[in-house]
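Worksheet for the structure shown next.
The values are calculated or read from the model by the stated rules, or taken from the named source; none is laboratory data. Being a predicted model, the structure only gives us computed values, none of them experimental. With ideal geometry, Cβ positions are generated from the backbone for all residues, glycine too; neighbour counts draw on all protein chains shown. Accessible surface is based on the protein model in full, side chains and every heavy atom, while ligands, DNA and RNA are left aside. Shrake-Rupley method; radii C 1.70, N 1.55, O 1.52, S 1.80 Å.
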Amino acid sequence: MGIPMQRFTPPPDAETQWSRFEDYVREQAIDFFDGVGPIAGARAPGRLDIMGGVADYSGSTVLEMPIAQAACVAWQWRQDRVLRIRSVGGDDDLFPEVVLSLDDLVDDEGKIRPIGDASARLMRDPSSRWSAYIAGCYYVMLAAYGTVSQGKADSRLGELGANILVHSDVPAGAGVSSSAAIEVATMHALSEAAGIHPSDLTLPAWCQRVENAIVNAPCGIMDQVTSALGRDSSLLVLRCQPHDLLGNQPIPSGWRFVGLDSRVKHSVGGSHYTRARVGAFMGLKVIQLESGGKLLENYLCKMDPEEFLQYRELIPETLTGEEYTDLYGLLPDVVTRVKLEETYFPRACAEHPILENDRVRQFFGLMQIATIREEESASGSEQNEDDGLLREAGKLMYASHASYGERLDLGSPETDLLVALVQEHGPEKGLYGAKITGGGSGGTVAVLCRADSPVADTALEEICLTYEKRVGIAPRPIVGSSPGAIMFGARQILRG
């Protein structure tokens, strides 16, 4: 048992991965593509949440790394109204092929169905719900390009079925955005097939709508934007108000980010995540009312930690949903609702994004300093200076991790163990920081370590072995980076 050394080396680069997918489409799946038209394709990576995480829905800035693992999608139009969706190399618990009808999206009069109706139809069968992420992309594009005045489907789209092949090696339930990768790859391939090219930020916004309104998962937009617009070996810097792209920060040469998947599945649609989100918006509503009209554009992170202290004690520590509704009315969030019988923790849940946004700002500043030092020195930053920056960045990651558990109840014993093991090894072993990622409650831990360090690689292997002995399953390393879908570009797949 144990983790072989090669598990901590990156997988093949994006072009190699795509070439293999093309070969599969042309050689092994050629019978699946029985339409007469061309085959369009796209690739989109998952993401490793470095800092920001669940503060995205409160308007925080987030730092996200597109990972090497990705989803690839091939799309071919059909002349009938059948949607054939096949998944290869995916979860064994899923039906590998789902056949839907365009009638699930468009009625017999050619009118686009209401989004709630389309969602119910696509989500009705638990064994095939995974296909809603793909068919939902088609629905959202239909709705965007439908004839608004009559509510009818655009003639370029609303009369055609499709053969859609999906392959993804982004681990599902690991908190690295397997769903966003599939959505972005599908939407990008569909855009290429339809000859409709939304703006760089419109495409991920459509994908978020699939997640929120079709699949009914209350996620923010950081996953979709990273998958679409991230750059290889950089952190995408996004201020989620709602999606202000601040650029891509290159990872300094002495820094490295690695993910350790705890193998405890997490879900953005899970009750803990939803409760934390609702609690944050409850805190926002209290501030809006108690301040006499400080609406903050519905983003808590419009407020800095010092200003938040003026209102912190006014926010109740606990509230039932019924108490909140009686005292404060509606929730200022369009994708979640208050459960009357649930107990929420609005003060802590509102405090987390305020503090996390400040930590992100500090972390980003440390990366910028490291980059400037590299540029100013022909030989790179001095080891001791770089070490100091890494230590400070690591402290911010540990603080973020603690807040996940203490304020949001989004920790787990397994991810706590991984973070504790990183702390035990410490900077002396080339490991500087670690935190749970994304929606929490399991999933992946992001680790900050020194790049090109055999000592750090050995320490990571020791952590995996210790974890396996204590938990009974080896964590799954997530190593390497790759370009987002827009940078990689949509492709035409030529038949052999």
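So here's what we get for this one:
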quantity	calculated
Qualifying position, being at pLDDT 90 or above and surrounded by fewer than 21 Cβ atoms within 10 Å (Cβ to Cβ), among G90, G161	G161
Set A459, A446, A434: member being small (G, A, S) and under 15 Å from R391 (Cβ atoms)	A434
Residue that is modelled with the lowest pLDDT [pool: residues in segment 357-385 that are in contact with a Ser or Thr (Cβ under 8 Å, 6 or more places away or on another chain) and assigned to a helix (DSSP H, G or I)]	E374
Residue identified as surrounded by 24 or more Cβ atoms within 10 Å (Cβ to Cβ) and at pLDDT below 95 among G53, G110	G53
Condition check for V140: modelled with pLDDT of 95 or more, part of a helix (DSSP H, G or I) and buried (at least 19 other Cβ atoms within 10 Å of the Cβ)	yes
Test result for L245, touching a residue at least 12 places away in the same chain (Cβ under 8 Å), open to solvent by less than 30 Å² (accessible area, probe 1.4 Å) and in a strand (DSSP E or B)	no
Answer from K265, K339 - the residue that is under 30 Å from A456 (Cα atoms) and surrounded by fewer than 18 Cβ atoms within 10 Å (Cβ to Cβ)	K265
Scan of segment 438-496 for residues that are among the aromatic types (F, W, Y) and in contact with a Phe, Trp or Tyr (Cβ under 9 Å, 6 or more places away or on another chain), ordered by number	F488
Conditions (1) hydroxyl-bearing (S, T, Y); (2) free of Cβ contacts under 8 Å to residues at least 12 places away in the same chain; (3) surrounded by 22 or more Cβ atoms within 10 Å (Cβ to Cβ); number of the one not met by S19	(3)
Any hit, segment 60-75, residues being under 30 Å from L296 (Cβ atoms), at pLDDT 95 or above and assigned to a loop (DSSP other than H, G, I, E, B)	yes
Extreme residue, most open to solvent (accessible area, probe 1.4 Å), among residues of segment 294-315 that are at negative phi and among the charged types (D, E, K, R)	E306
Which listed residue, of S291, S253, S271, is surrounded by fewer than 18 Cβ atoms within 10 Å (Cβ to Cβ) and closer than 24 Å to A180 by Cβ	S271
Candidate set: segment 22-37, residues that are in a loop (DSSP other than H, G, I, E, B), open to solvent by 30 Å² or more (accessible area, probe 1.4 Å) and of a type outside the set (D, E); chosen: the one modelled with the lowest pLDDT	V36
In segment 228-246, residue farthest from C207 (Cα to Cα) [restricted to those that are in contact with a Ser or Thr (Cβ under 7 Å, 6 or more places away or on another chain) and charged (D, E, K, R)]	D232
Identity of the residue in segment 436-469, polar (S, T, N, Q) and farther than 21 Å from S481 by Cα, that ends up surrounded by the fewest Cβ atoms within 10 Å (Cβ to Cβ)	T466
Failed condition for R43, given (1) under 20 Å from the mean Cα position of the chain (by Cα); (2) open to solvent by 40 Å² or more (accessible area, probe 1.4 Å)	(2)
Output for segment 210-243, where each listed residue is acidic (D, E), within 24 Å of A135 (Cα to Cα) and out of contact with any Lys or Arg (no Cβ under 9 Å at 6 or more places or on another chain)	E211
Cβ-Cβ under 8 Å pairs, at least 6 apart or on other chains, segment 301-323 side farther than 11 Å from L284 by Cβ, far side at pLDDT below 95 and loosely packed, with under 12 Cβ neighbours inside 10 Å	none
Candidates S191, S179, S155, S168, filtered to the one that is farther than 15 Å from S131 by Cα and in contact with a helix residue (DSSP H, G or I) (Cβ under 9 Å, 6 or more places away or on another chain)	S191
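To keep it simple, each residue is scored yes or no on (1) in a helix (DSSP H, G or I); (2) within 21 Å of A144 (Cα to Cα); (3) open to solvent by 10 Å² or more (accessible area, probe 1.4 Å); (4) touching a strand residue (DSSP E or B) at 6+ places or on another chain (Cβ under 8 Å).
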residue	(1), (2), (3), (4)
G173	no, no, yes, no
A180	yes, yes, no, yes
H188	yes, yes, yes, yes
L235	no, no, no, yes
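Condition check ((1) within 25 Å of V445 (Cβ to Cβ); (2) at pLDDT 95 or above) across all residues:
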site	(1), (2)
K265	yes, no
H272	yes, no
L284	no, yes
E290	no, no
L295	no, no
E306	no, yes
L314	no, yes
D326	no, yes
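Each row is one residue, and each column tells you yes or no for (1) open to solvent by 30 Å² or more (accessible area, probe 1.4 Å); (2) of a type outside the set (F, W, Y); (3) under 17 Å from the mean Cα position of the chain (by Cα); (4) more than 19 Å from L100 (Cβ to Cβ).
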{"site": "G146", "(1), (2), (3), (4)": "no, yes, no, no"}
{"site": "S155", "(1), (2), (3), (4)": "yes, yes, no, yes"}
{"site": "L165", "(1), (2), (3), (4)": "no, yes, no, no"}
{"site": "S177", "(1), (2), (3), (4)": "no, yes, yes, yes"}
{"site": "S191", "(1), (2), (3), (4)": "no, yes, no, yes"}
